[in-house]
Amino acid sequence: MNEQAEQRLSQLMYGALKVRALSLVAVLGVADALAEGARPVGEVAGETGVDAGTLHRLLRALASDGVFAEEQPAVFSNTEMSELLRRPEWRASAQLVGGVWLRTAGELDTSGQASFPRAFGTDFWSWLAAHPQERGAFDRAMEGGKDESAERLSQVAWDDGEVVVDVGGGNGKLLVGLFGRRPGLRGIVFDLPETDRDESLLGDAIEFVAGSFFDAVPAGDAYVLSEILHDWPDEQAAAILRTIRAAAPPHARLLILDAVVPAGNDPHYAKWLDLMMLGLFASRERDEAQWNTLLAATGWQSTRIEDGLIQAVPR
């Protein structure tokens, strides 16, 4: 028997327990409780109001994968991995992945249909609208990676005075990051009115406009879709792209920040995220051919496709 293969398969089988344990300690704020150094688990349990024995078992398991470290028996400290849980976007992500999304994954089947409605009785967006606390967690989780995305966008050629429309832009963090690197631009954050945001942080160069990208979008010189289209099946994704195309002037550009699933068997996060998109929305992560097909059918011509950034212009 191949012991290495057995160990790897065993680790995969316990994946659900790992994400649930991460979610529990993230919600409790255990990493924050250990910010000043190692502490006995009993002290942390007392502060957070949980059973000390259970917390010890959670931290011991997580420490075996490098999240926290048991310095002495029942005395734990943070590691580089657990320090990430002190950041709002990582804490919110752990909460969602080990909570709502774990339940969704547990209902996943081979029908090709979204499992979220079976588990929660409605679609994901309607459920978020009815649960403001979870909507806030979702918006915070979506902030993760925005600095890297802003840096990547800043490397694209820009002209001073261009109007950048961030379609489904959430709280505006992406445009704020981009404009910090490219201060000559002007911007519009376009999203639903219930988006969790602080408009005072947008600055003078950015305005928030409320609306649905299925109805109409503001006019602009460049349109950004940051991890939006993977949330929608092809029919709805095409509708979004057609809405933008209807508003876009001939010189406009489309910049899509989304994964491009590679061929072959090499590990890639998008291959697993693709299954989560299936469970949540009956949507998908797309490969290069699928991106080209979707763009061509909606009035766009791709000019460059790289993992994480797809660029297109009106046809």
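Bear in mind these aren't lab numbers, they're just calculated from the coordinates by the rules spelled out. This structure is a prediction, so every number in the text was calculated from the model and none was measured. Ideal geometry is used to build each Cβ from the backbone, glycine not excepted, and the neighbour counts take in all protein chains shown.
Rounded to two decimals, the Cα radius of gyration of segment 95-141 over 2.2 N^0.38 Å is 1.14.
Rounded to 0.05, the FRET efficiency of the E71 and D32 pair, given R0 = 22 Å and the Cβ-Cβ distance, is 0.80.
Please give the Cα centre distance for segment 153-186 versus segment 1-30, rounded to the nearest Å. So the two Cα centres are separated by 38 Å.
Counting only aspartates and glutamates at least 8 places from K146 when in the same chain, those with an alpha carbon closer than 15 Å to its own are E89, D166, E227, D258.
The modelled label-to-label distance between A61 and E107, using points 7 Å beyond Cα along the C-beta direction, is 2.3 nm. Summary of the geometry: segment 57-92 and segment 211-277, compared by the centres of their Cα atoms, lie 35 Å apart. When both bridge partners sit in the chain, DSSP labels roughly 40% of those beta bridges antiparallel. Measure nothing but the geometry: give the 0 to 90° angle between the long axis through the Cα atoms of 15-28 and the longest principal axis through the Cα atoms of the chain, rounded to 10°. Value to nearest ten degrees: 90. With all pairs of separate Cα atoms included, the chain yields a Kirkwood hydrodynamic radius of 21.4 Å. The angle separating the long axis of helix 132-141 from the principal Cα axis of greatest extent in the chain is about 80 degrees. Multiplying the residue separation of T122 and T54 by 0.36 nm and subtracting their alpha-carbon distance yields 21.2 nm. Simple point charges give the picture: +1 on the Cβ of Lys and Arg, -1 on the Cβ of Asp and Glu, and for segment 100-209 a dipole about the Cα centre of about 260 debye.
The value of relative contact order for the chain, using C-alpha pairs under 8 Å at least six residues apart, is 13 percent. Would you kindly give the portion of the calculated P(r) for segment 1-100 that falls above 23 Å, as a percent of all Cα pairs? Summing the P(r) tail past 23 Å for segment 1-100 gives 24 percent.
What does the charge count around Q290 come to, taking other residues whose C-beta lies under 12 Å from its C-beta (Lys +1, Arg +1, Asp -1, Glu -1)? That sum, taken over residues with Cβ under 12 Å, equals -4.
How many percent of all Cα-Cα pairs in segment 146-314 sit more than 24 Å apart? Roughly 32 percent, rounded to a whole number.
Give me the net charge for the shell around P183: Cβ to Cβ below 15 angstrom, other residues only, Lys and Arg +1, Asp and Glu -1. Surrounding charge for P183 is -2. Charged side chains reduced to their Cβ positions (Lys and Arg at +1, Asp and Glu at -1) give segment 146-314 a dipole of some 340 debye around its Cα centre.
Could you compute the net charge surrounding D215? Neighbours are other residues with a C-beta less than 15 Å from the C-beta of D215; K and R count +1, D and E count -1.
+1
Between D307 and V156, the simple label model (points 7 Å from Cα in the Cβ direction) yields a spacing of 2.0 nm.
Let's test the formula: R0 of 35 Å, r as the Cβ-Cβ distance of K18 and E47. What FRET efficiency results, to the nearest 0.05?
That gives a FRET efficiency of 0.90.
Taking a straight Cα-Cα cut-off under 22 Å and skipping sequence neighbours fewer than 8 places away in the same chain, the lysines within cross-link reach of K18 are K271.
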